[in-house]
1. Of all residues in segment B:336-358 being part of a helix (DSSP H, G or I) and either of a type in the set (Gly, Ala, Ser) or loosely packed, with under 13 Cβ neighbours inside 10 Å (or both), which is nearest to the other protein chains (Cβ to nearest Cβ)?
2. Sort out which residues of segment A:42-58 are buried (at least 20 other Cβ atoms within 10 Å of the Cβ) and at pLDDT 85 or above, and write them in order of number.
3. Does B:Ala592 fit the bill of being at pLDDT 90 or above and among the aliphatic types (A, V, I, L, M)?
4. Return only the number of the condition from (1) part of a helix (DSSP H, G or I); (2) crowded, with 21+ Cβ neighbours inside 10 Å that B:Ile563 does not satisfy.
5. Can you spot a residue in segment B:380-390 that is exposed (fewer than 12 other Cβ atoms within 10 Å of the Cβ), of a type in the set (Val, Ile, Thr) and out of contact with any Asp or Glu (no Cβ under 8 Å at 6 or more places or on another chain)?
6. Which count do you get for residues in segment A:88-114 that are exposed (fewer than 13 other Cβ atoms within 10 Å of the Cβ) and more than 10 Å from every other protein chain (Cβ to nearest Cβ)?
7. Of (1) closer than 30 Å to A:Arg110 by Cβ; (2) modelled with pLDDT under 85, B:Thr378 satisfies all except one. Which?
8. Does segment B:1-17 hold any residues that are assigned by TED's automatic domain parsing to the domain that holds B:Arg86 and more than 21 Å from B:Gln167 (Cβ to Cβ), and which are they?
Amino acid sequence: MDRKKSMLAETMILFLFALSKTSEEVNINTYKRYIYLYYLTSGFINNNSDDIEIIVEKGDIKIIEFESIISDFVLKEYIETEKNSIIIKKKLLDFVDALLRNKDGALIRRYKEIQPFVSLIQSYNDQFVFTVFFSEPTFREAPLRGVSEIHSANSKLAVLLKQFKSKVCDTRIDEYDILAYWMDYILRNYYNIGADGDAVEE
Amino acid sequence: MNRFYLPILNRMRIEDYSLYKCPLEICFSNKLNIVYGTNGTGKSTLLMMCFFSIVGPYRGGIKTKVRQEHRRDNRPIYEDSFFSERMIKSDTNAKVTSSFTIDQDEYIVTHSLYDCKLLCAVVNGRSLPGKQISYRTYETKYTQNRADDYSSTDRLDDYLIYHYQEQLKKSTKLPGGVNTLISMLLDVMFFDEGRKLTFWNNDLQETIIGKYIVDSDFYEQYCEKKLTTKALESAYKKKSETYNYMNKFFQKEREEKAKVGEDTEKLQRELFHIEEKAQRLGKELEKDQLLYSRKNKELLTAIHEEETVKEELNVLEETWYTNLFPSPYKEYHGKFYKQMIDGYCPVCGNKHDFSLFSERCIVCGEWLQLGDSQDIITIDTARQNKIDSLSETKKKVEILSVELDKIGERIKWTRKETNKNNIRINEIKALISPDEDYREDSDKKRLEKAQEERDLALAEYNSSKKKEEQMKKKIEESLVDNFTTFRTAFIRYASSFFGEQHKENLSLPFSEDDDLNAPLMKFELDGKTRDEDYMLSESQRIFTDLSFRFSVLTTFHNKSFFICETPDSTLDIFHEELAVKTFLEYIEQGNALILSANARHSSLVNDLYKHYNSNDVTVIDLTKISKLALITEYSFDRYINRER
């Protein structure tokens with residue numbers, strides 16, 4: 001496994017571990033969108049520059065190596081896939097749990113970056129995450145620009161959130177509050193006005 | 001999206017111009033116009049007259065330089081004798097009058113073909129006021145006026161050209177006024193024989209598109225900023241030249257010395273004060289230089305340390321990931337080995353003998369390279385320790401860099417002040433005592449001064465360039481909202497030009513760096529990016545450029561005209577057919593096409609001509625009109641009939 005793929009696999013396995021706290025089953029498309037949104041906001045909330053390649057096609061996304069990593073996890077019996085669902089298995093939980101017991105390791109720091117994001121995003125139901133995903137500015141702009149391949153490092157969302165934070169002029173405000181505010185703003189607008197401009201019930 | 005208007009050419013009357021049989025009256029069709037003739041009969045002259053009769057003898061492309069510390073914008077124009085040199089017999093009365101419409105305004109404008117003067121401009125039946133003056137003289141006054149911040153005593157509004165250009169600005173509503181109109185006419189609406197390409201000119205891409213999408217004040221500021229950046233670049237080059245030619249500089253100094261006649265006593269007092277100040281600055285400089293040297297050493301050590309930690313972290317990460325996600329061979333081996341040793345294929349289930357060796361892969365037989373697994377908990381801890389230490393060294397490097405910058409700035413300032421003082425000291429000494437030794441001694445210092453001025457000019461240029469880049473980014477951001485419509489038009493024209501077997505794409509990439517020269521838009525043909533025009537064949541680059549121009553005209557305007565000089569000269573029969581199809585599409589959108597054609601075998605002109613009935617086509621047959629046409633047997637009628 002090359003370095004880039006391994007780094008994505010590390011993120012993906014930590015995501016599954018964090019998700020397992022509420023449910024052993026996760027929809028594969030929702031999971032993929034979580035990963036996408038995490039990378040697109042990571043430059044803002046964690047100030048890190050990890051980069052993944054994403055292909056935008058037919059109104060959805062394809063994360064390079066995502067499918068291959070899922071196959072590897074199945075082979076290692078960390079997960080099972082059934083139709084559109086991923087079932088997280090005990091082997092994965094034991095494996096990650098053992099690694100996270102090391103409080104001095106780098107992995108637990110990474111997990112501490114991911115876990116709050118997972119908590120935040122899980123507090124919205126799948127339909128809302130779907131809406132947020134389709135309102136993400138990089139994803140929305142790509143077809144307008146005629147671009148089919150994007151890099152998470154060029155995230156428009158991260159830039160906008162950073163700009164927003166700089167305008168707030170309050171150093172105490174947390175990055176997650178800003179992200180949540182943005183998500184609420186999207187949902188409020190979307191569900192009050194609706195995609196076609198008509199009023200929609202929340 | 002901003003609305004503004006382009007001229008629509010209706011009629012043109014040429015009088016007393018001996019290249020053609022005059023008076024020559026051309027009534028332009030709002031669909032197809034063909035200027036036909038054999039070589040050297042005045043086709044290009046006639047096409048250029050179309051633009052000249054609207055906007056005057058401008059060639060496009062404002063040139064910006066710095067003269068005497070002031071920015072000078074020069075709008076290049078043709079020589080006054082440009083059209084008179086093409087007359088067979090010189091006639092001072094030669095003139096061209098064109099009737100054109102801009103939005104609701106009707107224009108009748110007369111220019112002299114003898115000396116390129118604007119003779120008369122009537123807008124909506126009202127003659128514009130002002131004195132007649134040649135464009136060349138007007139441009140000198142215009143340049144001077146801009147350089148003096150519009151405060152020149154020689155008022156531009158005394159002249160007819162000024163009122164005409166102001167009226168054009170009002171009618172077209174163009175930000176940047178006549179300068180933008182010149183660029184539109186010459187860079188978008190005219191595709192000349194020289195095949196000057198617009199699409200790959202990064203300077204032009206955003207200036208052409210920008211005016212439609214950002215507010216006009218911002219657009220004008222952006223155009224001004226571009227000119228300022230060019231001027232600062234020119235200033236920097238000048239300073240650089242000065243530095244390289246110090247002999248001239250010294251000569252100038254000697255000349256200046258002769259002019260100065262200052263009071264010796266006063267100079268001695270000044271000298272005393274400056275020397276005292278110089279001494280103090282010298283001490284400060286020495287102290288700062290020592291501090292700089294020490295901090296610089298510390299920084300180099302810290303950078304080295306950072307690199308070492310990075311490398312060590314890299315090794316640890318490699319080990320970490322190899323062990324976190326080891327090769328799945330063990331899993332495959334566990335699944336298949338037993339069946340294979342029993343002589344059954346684990347995939348198809350058939351009986352089969354396998355030669356299995358523990359040190360080789362059970363499927364392909366390659367030697368296995370499965371390293372010993374390591375304690376990943378220890379690696380993970382080591383990894384975190386390295387991350388922490390990397391973060392510390394990074395912080396250290398950052399702090400030292402900031403400190404060094406501050407000290408560096410201080411040194412620079414002190415040096416500048418010291419140099420200023422030294423120059424003045426040398427000047428005073430040279431003035432007090434004619435001894436040339438002082439001058440020799442000061443040469444080195446003056447060289448340093450020139451170097452500093454050059455560096456300052458470079459810094460100013462870089463800062464302006466950065467600001468221009470930020471403004472360009474804003475244009476790019478604004479373009480996103482309109483890009484889909486523009487892209488659709490572009491791809492429609494490009495597909496029509498290139499044919500079905502090719503796949504075209506135009507995109508607006510997310511900008512990754514602050515490169516001022518990076519193109520705003522990216523063209524892909526058959527999946528390959530064509531960042532430079534040489535990445536395409538001649539016909540392909542013409543098609544791409546025409547697609548860009550047509551999409552600008554049809555996306556942002558309801559009606560326009562387009563002039564193409566001998567479009568068939570570089571196309572084969574197959575590509576001519578594609579060009580015909582695309583030209584027809586452009587005309588069908590409500591636009592007029594004016595093209596010139598040689599008396600040569602070409603299906604392009606023939607097919608376009610045949611497509612329309614005679615009411616929709618205007619043919620200007622120079623074999624009948626031009627006095628230089630010697631061979632009348634190649635008239636347009638005969639040409640068309642022969643092609644049929």
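The values are calculated or read from the model by the stated rules, or taken from the named source; none is laboratory data. Since we're looking at a predicted model, the values are computed, not measured. Reconstructed Cβ throughout: ideal geometry from the backbone, glycine too, with neighbour counts over all protein chains shown.
1. Initial filter on segment B:336-358 (part of a helix (DSSP H, G or I)): B:336-341.
Then drop every residue that is not either of a type in the set (Gly, Ala, Ser) or loosely packed, with under 13 Cβ neighbours inside 10 Å (or both), which leaves B:338, B:341.
Details: B:Lys338: 17, B:Ile341: 21 Å.
Result: B:Lys338.
2. Scanning segment A:42-58 gives A:Ile52, A:Ile54.
3. yes
4. If we test B:Ile563 against (1) part of a helix (DSSP H, G or I); (2) crowded, with 21+ Cβ neighbours inside 10 Å, just (1) comes out false.
5. Here is the first cut: in segment B:380-390, the ones exposed (fewer than 12 other Cβ atoms within 10 Å of the Cβ) are none.
No; the residues of segment B:380-390 include none that is exposed (fewer than 12 other Cβ atoms within 10 Å of the Cβ), of a type in the set (Val, Ile, Thr) and out of contact with any Asp or Glu (no Cβ under 8 Å at 6 or more places or on another chain).
6. Number of matching residues: 4.
7. Answer for B:Thr378: the failing condition is (2).
8. Passing the criteria: B:Ile14, B:Glu15, B:Asp16, B:Tyr17.
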